[in-house]
């Protein structure tokens, strides 16, 4: 097997300077939540380790994960991210088509057996022997199983691969199934979202390349570095939530003031993702900043929870919050109590002053 070029060698061929390379390593460490001491470790991995072979297959999906991935703005997606890996098969991005594309897949599976990462976008339908999704003349279910045989790890891109998503919505006539129910003998890292944030996708790959292992995962198999906090915890509208200040109807005065969107169905208090810290489109914005509540697309079953505009009515499981109405009443009560206390103190001081004047008289 001919040696695979390292990530750094590819960057140098593309004219990227050493200074830009080290800046990339610094930005990557920051994105992964790692301290400056990890920058040399990331740089060493990029300089010495061969690019990771990646096979990217697609089942029932809308291609939004691929679209998100190639639009990553940090770091240098065009020159860096697609050079970080040896993307040997992705029928959306590759030039080859038809029999040539399928031949390339088989060649990669054999050539790098046991050394490649399998990235899966979408999911397989199980009904009718998988005939609801055909790739290269055969069910995607067969292609998925074949590709998983020699993979050292599997990445489930998006809510479709991670949970099933809208294809698996009730009554699910095709029996669309998340990949962990089909692939049971390989480590799987779930990167949910509809789609996931581009920088989250590239960050996961960078971590796996640098440390040659899966990142720490939460109970749902998601990388904790990106899915360890609720959107609500870092949302810039959180202060309005705590103060009981909510948008009551679309485009009302409270909406213009940027109040909390919880009453309009925002699922930020129950959704774990990095939208409120990383943002989208090079950190430009995210749904809540655009005036629309979070729909919870990184959580299992979000598509079968009724209208996206039905707010969660009970948040007692998280401790301090109860629900928006109670929070609003509590806030009003605190203000009212403060006014009453202030009035009582003022009255007491006035009485004391009158008493002192009488004694002087």
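The values are calculated or read from the model by the stated rules, or taken from the named source; none is laboratory data. Computed from a predicted structure; not experimentally measured. So basically every Cβ, Gly included, is an ideal-geometry build from the backbone, and we count neighbours across all protein chains shown.
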List every residue pair whose Cβ atoms lie under 6 Å apart, where the two residues are 6 or more positions apart in sequence or sit on different chains, the first residue falls within the range 6-23 and is within 22 Å of residue 53 (Cα to Cα), and the second residue, located anywhere, is outside any helix (DSSP H, G or I). 6/50; 7/51
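Mind checking which helices (runs of 4 or more DSSP H) fall wholly inside the range 249-361 and carry at least 1 residues that are over 30 Å from residue 70 (Cβ atoms), modelled with pLDDT of 90 or more and over 25 Å from the mean Cα position of the chain (by Cα)?
Hits in the range 249-361: 253-256.
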Quick one: in the range 112-138, which of the residues that are surrounded by fewer than 17 Cβ atoms within 10 Å (Cβ to Cβ) and in contact with a strand residue (DSSP E or B) (Cβ under 8 Å, 6 or more places away or on another chain) is nearest to residue 208 (Cα to Cα)? 115
By residue number, the members of the range 129-155 that are touching a residue at least 60 places away in the same chain (Cβ under 8 Å) and assigned to a strand (DSSP E or B) are 135, 151, 153
Report yes if some residue within the range 217-237 is part of a loop (DSSP other than H, G, I, E, B), surrounded by 21 or more Cβ atoms within 10 Å (Cβ to Cβ) and out of contact with any strand residue (DSSP E or B) (no Cβ under 7 Å at 6 or more places or on another chain); otherwise report no. yes
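Find the helices (runs of 4 or more DSSP H) located wholly in the range 1-92 whose residues include 2 or more that are modelled with pLDDT of 85 or more, and list them. So that I can check it myself, show each step before the final result.
On the way: elements: 7-13, 18-31, 39-48, 64-70.
So the answer is 18-31, 39-48, 64-70.
Among the residues of the range 161-178, which ones are at positive phi and under 20 Å from the mean Cα position of the chain (by Cα)? It would help to see each step written out before you state the result.
Pass one, the range 161-178, residues at positive phi: 164-165, 172, 175.
Of everything in the range 161-178, those that are at positive phi and under 20 Å from the mean Cα position of the chain (by Cα) turn out to be 164, 165.
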Single unsatisfied condition, residue 208 versus (1) free of Cβ contacts under 8 Å to residues at least 40 places away in the same chain; (2) more than 21 Å from residue 287 (Cα to Cα): (1)
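Do we find that residue 256 is surrounded by fewer than 19 Cβ atoms within 10 Å (Cβ to Cβ) and closer than 20 Å to residue 187 by Cβ in this structure? Talk me through it step by step, then tell me what you get.
Working: surrounded by fewer than 19 Cβ atoms within 10 Å (Cβ to Cβ): yes; closer than 20 Å to residue 187 by Cβ: no.
The answer is no for residue 256.
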